[in-house]
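Following: one structure in structure tokens, then a few remarks.
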Amino acid sequence: MREDIVKVVEILKKEVPEHPYKSKNPFHILIATIISQRTKDEVTYTVANRLFAKYPRPKDLKNADEEEIASLIYPAGFYRQKAKKIKEVARIIDEEYGGKVPDSIELLLKLPGVGRKTANIVLSRGYDKKVIAVDTHVHRIANRLGWVQTKTPEETEKALMKILPEKYWIEINTLLVMFGRTICRPVAPKCNICPIKEYCEFYKKEKM
Ligand code: SF4
């Protein structure tokens, strides 16, 4: 099993396109992840860049007009609620953490609207911490492949930590996100052109 997982990850590293958002700035990663909820990627990255061009730091954003934040991140889904949340997150980071996004899961989870997935994305992409960020793509694909048999992303995170070599923990999120958007889509996965179908339990059961 572990050997097969390594083979699959190595194949995906060659075959899957790179994740388009390359910022290593923890504050930008945090805000972009909040914007990304229920929003298409193209929209997320466009509006996040527009927002950071004008308000790059927590102290800039906390003083920004909420209506203006909303219009800068439009047409992201729930842009009004997100504008409110973004302003509040910026205020807390500036006033309670001296402008630096905390690098611990406990403190990140205290921020409004920040769940485990978002916290782990910030920790892994922004701080190079060895954690596994499990979103809907990682959860679905790990189950389809047969790596885990889990019902929730939290269970998947724990299960993956037992079977996935630690050197892949940081990159597995972006790898499976891009694989999930291009091939192993939620509905109608493109199994016929999938480069890892021979390792996939779903494929063996449903397509052979
Ligand atoms: S064979 Fe199909 S279900 Fe399995 S990983 Fe590939 S695309 Fe996903």
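The values are calculated or read from the model by the stated rules, or taken from the named source; none is laboratory data. Quantities reported herein were computed from a predicted structural model and do not represent experimental measurements. Using ideal geometry, Cβ is built from the backbone for each residue, glycine included, and neighbour counts are taken over all protein chains shown. All accessible areas refer to the heavy atoms of the entire protein, side chains included, with ligands and DNA or RNA removed. Shrake-Rupley method; radii C 1.70, N 1.55, O 1.52, S 1.80 Å.
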So, in the stretch 61-70, exactly how many residues are loosely packed, with under 15 Cβ neighbours inside 10 Å and part of a helix (DSSP H, G or I)? 3
Count of the stretch 172-208 residues which are closer than 19 Å to Asp4 by Cβ, open to solvent by less than 80 Å² (accessible area, probe 1.4 Å) and more than 9 Å from the ligand (Cβ to nearest atom): 3
Looking at Lys100, Lys85, Lys130, Lys117, can you tell me which residue is open to solvent by 10 Å² or more (accessible area, probe 1.4 Å), among the basic types (Lys, Arg), within 14 Å of Leu30 (Cα to Cα) and not in a helix (DSSP H, G or I)? Lys100
Take the stretch 139-162 and flag every residue that is open to solvent by less than 40 Å² (accessible area, probe 1.4 Å) and in a helix (DSSP H, G or I). His139, Arg140, Ile141, Ala142, Arg144, Leu145, Thr156, Glu157, Ala159, Leu160
Look at the stretch 137-170 and say how many of its residues are within 20 Å of Tyr203 (Cβ to Cβ) and hydroxyl-bearing (Ser, Thr, Tyr). 2
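So that you can scan it fast, the table gives a plain yes or no per residue for (1) in contact with a Pro (Cβ under 8 Å, 6 or more places away or on another chain); (2) modelled with pLDDT of 95 or more:
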residue	(1), (2)
Arg2	yes, no
Ile11	yes, yes
Glu18	no, no
Lys54	no, yes
Lys59	no, yes
Ala64	no, yes
